[in-house]
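Take a look at the structure below.
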There are 4 protein chains.
Amino acid sequence: MSIIRFETDYQEGAHPKILERLSSTNYEQTSGYGIDPHTQRAKDLIRSVLGLPKAEVFFLTGGTQTNTTVIKYLLSPCEGVIAASTGHINVHESGAIEATGHKILTLPGHDGLIDPQDLRKYLEAFYSDPTYDHMVQPGMVYISYSSELGTLYTKQALREIRDVCEKFGLRLFIDGARLGAGLTSEASDMTIRDIAEKSNVFYFGGTKTGALFGEAVVFPRPEDFDLRHFRTLIKQQGGLLAKGRLLGIQFEVLFEDGLYFENARHSNLQAMKIKNAFTEAGFRFLIDSYTNQQFPILTPKQDRALREKFSYELWQPMTDGNLAVRFCTSWATTDEAVEELVSAVKILGDD
Amino acid sequence: MSIIRFETDYQEGAHPKILERLSSTNYEQTSGYGIDPHTQRAKDLIRSVLGLPKAEVFFLTGGTQTNTTVIKYLLSPCEGVIAASTGHINVHESGAIEATGHKILTLPGHDGLIDPQDLRKYLEAFYSDPTYDHMVQPGMVYISYSSELGTLYTKQALREIRDVCEKFGLRLFIDGARLGAGLTSEASDMTIRDIAEKSNVFYFGGTKTGALFGEAVVFPRPEDFDLRHFRTLIKQQGGLLAKGRLLGIQFEVLFEDGLYFENARHSNLQAMKIKNAFTEAGFRFLIDSYTNQQFPILTPKQDRALREKFSYELWQPMTDGNLAVRFCTSWATTDEAVEELVSAVKILGDD
Amino acid sequence: MSIIRFETDYQEGAHPKILERLSSTNYEQTSGYGIDPHTQRAKDLIRSVLGLPKAEVFFLTGGTQTNTTVIKYLLSPCEGVIAASTGHINVHESGAIEATGHKILTLPGHDGLIDPQDLRKYLEAFYSDPTYDHMVQPGMVYISYSSELGTLYTKQALREIRDVCEKFGLRLFIDGARLGAGLTSEASDMTIRDIAEKSNVFYFGGTKTGALFGEAVVFPRPEDFDLRHFRTLIKQQGGLLAKGRLLGIQFEVLFEDGLYFENARHSNLQAMKIKNAFTEAGFRFLIDSYTNQQFPILTPKQDRALREKFSYELWQPMTDGNLAVRFCTSWATTDEAVEELVSAVKILGDD
Amino acid sequence: MSIIRFETDYQEGAHPKILERLSSTNYEQTSGYGIDPHTQRAKDLIRSVLGLPKAEVFFLTGGTQTNTTVIKYLLSPCEGVIAASTGHINVHESGAIEATGHKILTLPGHDGLIDPQDLRKYLEAFYSDPTYDHMVQPGMVYISYSSELGTLYTKQALREIRDVCEKFGLRLFIDGARLGAGLTSEASDMTIRDIAEKSNVFYFGGTKTGALFGEAVVFPRPEDFDLRHFRTLIKQQGGLLAKGRLLGIQFEVLFEDGLYFENARHSNLQAMKIKNAFTEAGFRFLIDSYTNQQFPILTPKQDRALREKFSYELWQPMTDGNLAVRFCTSWATTDEAVEELVSAVKILGDD
């Protein structure tokens, strides 16, 4: 019997509708680099979902590339980007931000989230330090929704962060690699329009929501920036796909009938079944997540037993010898796979 | 009647065998970032084609990204890369190389090619200049095969370039975005093993040879470099695809039965039919190319006439008022399309 | 008898008034990093010379550092700087500009100068190229006054360059490493106010005009830029001197009684005596310079003879076997040294 | 009565012997950029002090520049530098290190020092993380002697740090901006030869030890690195002084008769008198320093009283409302100034 994998949300290919569309459009001849009707239509569909007909939309092939390109574009040479110490850009992007010349200014992560009060205090202290012009200037706040730990900002927290940003002249960038999972979570009190209203720039992650690859960057109020060279920067950063329509076609499929959110909702539902199974079996969690990443804590013995049939990520050894692990679901996670896991958890709890 | 397009070699999707394989593997669960059996097998197939079982192979998503990552990895901070002034890195990559901190040191392009004697003279002059340590140090030579203008180095020229590189301690990097078209050209006197033997690093371009996207970087003698961090640099440069197997699957299909070279050969054959048609109709060419890019010279009137049914790139206005244009073929260029064009050229010549 | 050196304009220390002032202020206690009364006064003196009480002035320690800092500050990530191929930033700064991520876009040098028509044509061609957004965007023009070859823009040429810059939205930066020599040349038709009026930023080079070291960057119309972080960038680039007052003190001395221009005038006068000696003795010149660099052409035999008593720079071997050489004078070049050279040239001509 | 300043160790000019030597050598004509007899002799003097006739020595104009140049030269693109969170490069260099593309990997500072055990644990955890190749690779350890907080590593701690570096293949770089103060402290158990033996590269800071400016970088075992381009990198980073002999002359004076260490010893002695005064008057200290920086804790009232006659840096407000402040001495701090302060402190303690 083969192992059922819950390691990541990018371990399968793409939603079959995407593959079908790639096939049915395969012999169309279009211009390269995103100057094609599919890309145009995908942008319009996204604008329509946002209710922002003037929003600027750009497509890139991956998350690290997107974070790097947006941050490099919006910061001036002496500015840095504020992020939670657990933020993806600070940990798992191989120094991509620093490679563009910018420091990441870290705040403590609270289950993956920045505390608006920490942010305010940091900035007040910064500007009251007489040597502040010998230091990296804060230029932007980077947050993730949902976060790297599956958690969610409340609408109130986002508003407070936004207020601090406005007070201190910072831009606010929301990493949406798992934006779908965030917005369709039962614990979310926000809509996509809140995201667009509060941020200066954000993106819809495609890779983790049913696309082969691809992220859609949105500037909701493009008039706030000079975006004439953004496309050139995408090219410079190696993110301008020659067959750019591949991104257009995928986001067309994802946004023409709500498939993007449907995929995300599916992954959350499967994750919540897993969460409930662990909860009912009496397990504790490292983090209380309501999205597609779940972090139960296992004893080493339980871990060994589960790994006979399932794979998942070891997240963090606990000081008491137990193990915090991560189960991740996706648009492709089947009911059968979840039921197998739920049954196994039940037995584990009974032992 | 719709326009038949000969603008680029990336205006269609992918060879249908690639789409089929993406579909048939879609629900497989694999680890991300290229740690999967498809990627492993694709690497082995490439090693086998090269007869180099120890060659190191890495997959990236695009050409600019590949050029940037390789050049950044192999140069030290004071080194620059020597290229023809027409080289892709010097013109159409939005300053991607400079964005990594390295200068491009240009030599005159001779129909897209570096002259080995120019190279030798440049280096001799450089090291005899007493102020040479106030200048960017030459660290690498970058050439393209086939070149941006469809032309080809002879085996002899490549050998001479290689000799100069060895004498002056430079690495030699071959941009293979159109390597297939180069090697399968009737005018090529080289095999892939010559490329691997003479260069320190090169790549098989997938984007222009039937893949959706993707380039396969090869270090034929990996023992010459410390490649431990190359994967980390791919990540840093935003080129490490989460669903890395997409690259593996595509290159598996391209290299398991020779499809890569078959696609390239097809594009060249179609291009040569076009070349012959123009030649027989008495047209001159900007460049004498034997690969999938053809550069005939049209009068403005001829250009207007042709554009009623065909699209192609305006390459360069000539000083006499005529127009050098580019016709580009691909793995997908049909016999029908070529026949239509051939007929139209014949008529044009008869006028 | 020791060799008399005419190699460079930085082969002696500093004008004695500067050393005296450094001594007389040595035990003053001041704040670091340019927050001191001397630096403040030096800025005011420069503003006064310019007749621009609101101009912003910054002091840095060297020319390469200054060029790099100004260019990095004013360009956005996709922009490059246009310069003559002979421009200092393109040749003798070890890739400092590229190290900040920016490409240098070269135009042919005409005796070290950019032709305004070349500039206009380059920009027109750039924006009419349909692939222009895959290329580095022109953001700034860099020129030197006097140039690296001792030549001078006319007021008319500077006006035309400025007009092109305005038309295409480019900033204009004048490298003034030898600004004094330029403005005090008998061939100059410009004043310092023309420089300030036509450029967006320029600098007074101190190193080659009697200071130990130091350059004074001037933004004549600071309201055109957000300069809040310029000081921080100087720090980031390693150019913010801890004992910043050393720069202030030097520029105080140079600008309180016109010593800056007096030094420059002296170097030009000495150079013109040398020029006249060569001219009268029937020598040709590589370049017709009226500043402190002179480029006569010698036969190898003449060169050997002169080098018995003098040192100077071999500039360029000519195709006919002769040698273009450079004689450079400074604030410290004595009448005796020049007379010795003039006599030797006369004898050389008589042979 | 004017204020007596203890704010920094760079608030005066230079030791008078340096100014005298600059005057006496002023009219010598020498080649630029450090190719002159003074620079050569200064290197030899430093080699002699170290007992390392083959050590490589380079002179730069400032500390940030030196840190940046050394770190950029020795790291490959995916590597970062490990430093205490309080390290100068992490706080007060305006992001200079990140501007070269490298991340600073911070460890907790213990009164400004890295704990060797923290370092070991960090590295063990790093390499046991399965995602480590998605992270910045540790390439170098940066420490300061004496530290930014006036503290000192023991010989034993330095040995342990060195052992960890060797085990994990890291280079060890010692920032010696205050190396003199460190080595001449009564609390130091190291000699300059220990520094040279344990580090891969370090520097003698001149700016804070009696020079106008200047730092002398030493590679004690140059055969471990390819240093051919180091000079070119200094140029690229804007640190190659045209009148390079100014650095040579200053370091000649500092090292020909032990003036470097004499200056440092003087500053420490003056600081210890201040420390003793505060101790005897019953004050506590933020940090127990035995070098030229002292950090007593004052009540706001005491602070107000002292500031009537003295200036010094507010270092850090304490949570109890008191103020940690910094008194800094230099080669130029007079006995009279210290006696005034000592008297004032005594009165303060008596109140």
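Points to keep in mind about this one:
- Subset of segment B:87-124 [assigned to a loop (DSSP other than H, G, I, E, B) and either touching a strand residue (DSSP E or B) at 6+ places or on another chain (Cβ under 9 Å) or small (Gly, Ala, Ser) (or both)]: B:Gly87, B:Ser94, B:Gly95, B:Gly101, B:His102, B:Lys103, B:Pro108, B:Gly109, B:Gly112, B:Ile114, B:Asp115
- Test for D:Leu113: is it among the aliphatic types (A, V, I, L, M), touching a Lys or Arg at 6+ places or on another chain (Cβ under 7 Å) and either farther than 17 Å from B:His229 by Cβ or at pLDDT below 95 (or both): no
- Single residue of segment C:125-138 satisfying the filter (touching a residue at least 24 places away in the same chain (Cβ under 8 Å) and either surrounded by fewer than 18 Cβ atoms within 10 Å (Cβ to Cβ) or not in a loop (DSSP other than H, G, I, E, B) (or both)) that is nearest to the other protein chains (Cβ to nearest Cβ): C:Gln137
- Under the condition of being free of Cβ contacts under 8 Å to residues at least 24 places away in the same chain and crowded, with 24+ Cβ neighbours inside 10 Å, the residues counted in segment A:236-273 number 1.
- Residue satisfying condition, being more than 20 Å from B:Gln293 (Cα to Cα), away from chain A (no Cβ under 12 Å) and part of a loop (DSSP other than H, G, I, E, B), within set B:Ser76, B:Ser2: B:Ser76
Conditions (1) crowded, with 17+ Cβ neighbours inside 10 Å; (2) within 16 Å of A:Lys346 (Cα to Cα); (3) free of Cβ contacts under 8 Å to residues at least 40 places away in the same chain, marked per residue:
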{"site": "A:Phe278", "(1), (2), (3)": "yes, yes, no"}
{"site": "A:Phe283", "(1), (2), (3)": "yes, yes, no"}
{"site": "A:Asn292", "(1), (2), (3)": "yes, no, no"}
{"site": "A:Ile297", "(1), (2), (3)": "yes, yes, yes"}
{"site": "A:Pro300", "(1), (2), (3)": "no, no, yes"}
{"site": "A:Glu308", "(1), (2), (3)": "no, yes, yes"}
{"site": "A:Tyr312", "(1), (2), (3)": "yes, no, no"}
{"site": "A:Gln316", "(1), (2), (3)": "no, no, yes"}
{"site": "A:Thr319", "(1), (2), (3)": "no, no, yes"}
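- Test: D:Gly244 is out of contact with any Asp or Glu (no Cβ under 6 Å at 6 or more places or on another chain) and either at pLDDT below 95 or within 14 Å of another protein chain (Cβ to nearest Cβ) (or both): yes
- Some residue of segment C:3-11 being touching a residue at least 60 places away in the same chain (Cβ under 8 Å), in contact with a helix residue (DSSP H, G or I) (Cβ under 7 Å, 6 or more places away or on another chain) and within 28 Å of D:Asp9 (Cα to Cα): no
- So B:Ile46, is it of a type outside the set (D, E, K, R) and touching an Asp or Glu at 6+ places or on another chain (Cβ under 8 Å): no
- Taking each residue of segment A:150-169 that is without any contact (Cβ under 8 Å) to a residue 40 or more places away in the chain and looking for partners that are part of a helix (DSSP H, G or I) and charged (D, E, K, R) with beta-carbon atoms closer than 7 Å, six or more apart or interchain, yields A:Lys155/A:Asp194; A:Arg159/A:Lys198; A:Arg162/A:Lys198.
- Within segment B:12-32, considering residues that are surrounded by fewer than 18 Cβ atoms within 10 Å (Cβ to Cβ) and more than 9 Å from chain A (Cβ to nearest Cβ), the one farthest from A:Thr8 (Cα to Cα): B:Lys17
- A single member of A:Gly214, A:Gly239 is within 21 Å of the chain's Cα centre (by Cα) and facing chain B (nearest Cβ under 10 Å), and it is A:Gly239.
- Put simply, of B:Glu197, B:Glu186 the only residue that is free of Cβ contacts under 8 Å to residues at least 24 places away in the same chain, surrounded by fewer than 24 Cβ atoms within 10 Å (Cβ to Cβ) and away from every other protein chain (no Cβ under 14 Å) is B:Glu197.
- Within segment B:217-230, being within 14 Å of another protein chain (Cβ to nearest Cβ), surrounded by fewer than 18 Cβ atoms within 10 Å (Cβ to Cβ) and touching a helix residue (DSSP H, G or I) at 6+ places or on another chain (Cβ under 9 Å) holds for B:Phe225, B:Leu227, B:Arg228.
- Subset of segment C:33-60 that is buried (at least 21 other Cβ atoms within 10 Å of the Cβ) and of a type in the set (Val, Ile, Thr) - its residue that is farthest from the chain's Cα centre (by Cα): C:Thr39
- Of all the numbered requirements in (1) within 10 Å of another protein chain (Cβ to nearest Cβ); (2) in contact with a helix residue (DSSP H, G or I) (Cβ under 7 Å, 6 or more places away or on another chain), D:Ile46 misses one, and that requirement is (1).
- In summary, C:Lys275 fulfils each of the numbered conditions (1) outside the structural domain of C:Val345 (by TED's automatic domain parsing); (2) basic (Lys, Arg); (3) within 18 Å of C:Ser147 (Cα to Cα) with the single exception of condition (1).
- Qualifying residue in segment C:225-235 (condition: in the same structural domain as C:Tyr33 (by TED's automatic domain parsing) and acidic (Asp, Glu)): yes
- Qualifying residue in segment C:70-85 (condition: in contact (Cβ under 8 Å) with a residue 12 or more places away in the chain, at positive phi and among the charged types (D, E, K, R)): no
- Condition broken by C:Ala337, with the remaining ones in (1) part of a helix (DSSP H, G or I); (2) buried (at least 21 other Cβ atoms within 10 Å of the Cβ); (3) not basic (Lys, Arg) satisfied: (2)
- Scanning segment A:24-73 for residues being closer than 26 Å to B:Tyr33 by Cβ, in a loop (DSSP other than H, G, I, E, B) and of a type in the set (Ser, Thr, Tyr) gives a total of 2.
- Residue ID - farthest from the other protein chains (Cβ to nearest Cβ), chosen from residues in segment A:79-104 that are within 20 Å of C:Arg228 (Cβ to Cβ) and aliphatic (A, V, I, L, M): A:Ile82
The values are calculated or read from the model by the stated rules, or taken from the named source; none is laboratory data. Remember, predicted model here, so these are calculated numbers, not experimental data. Don't worry about glycine lacking a Cβ; one is built from the backbone with ideal geometry, like all the others, and counts go over all protein chains shown.
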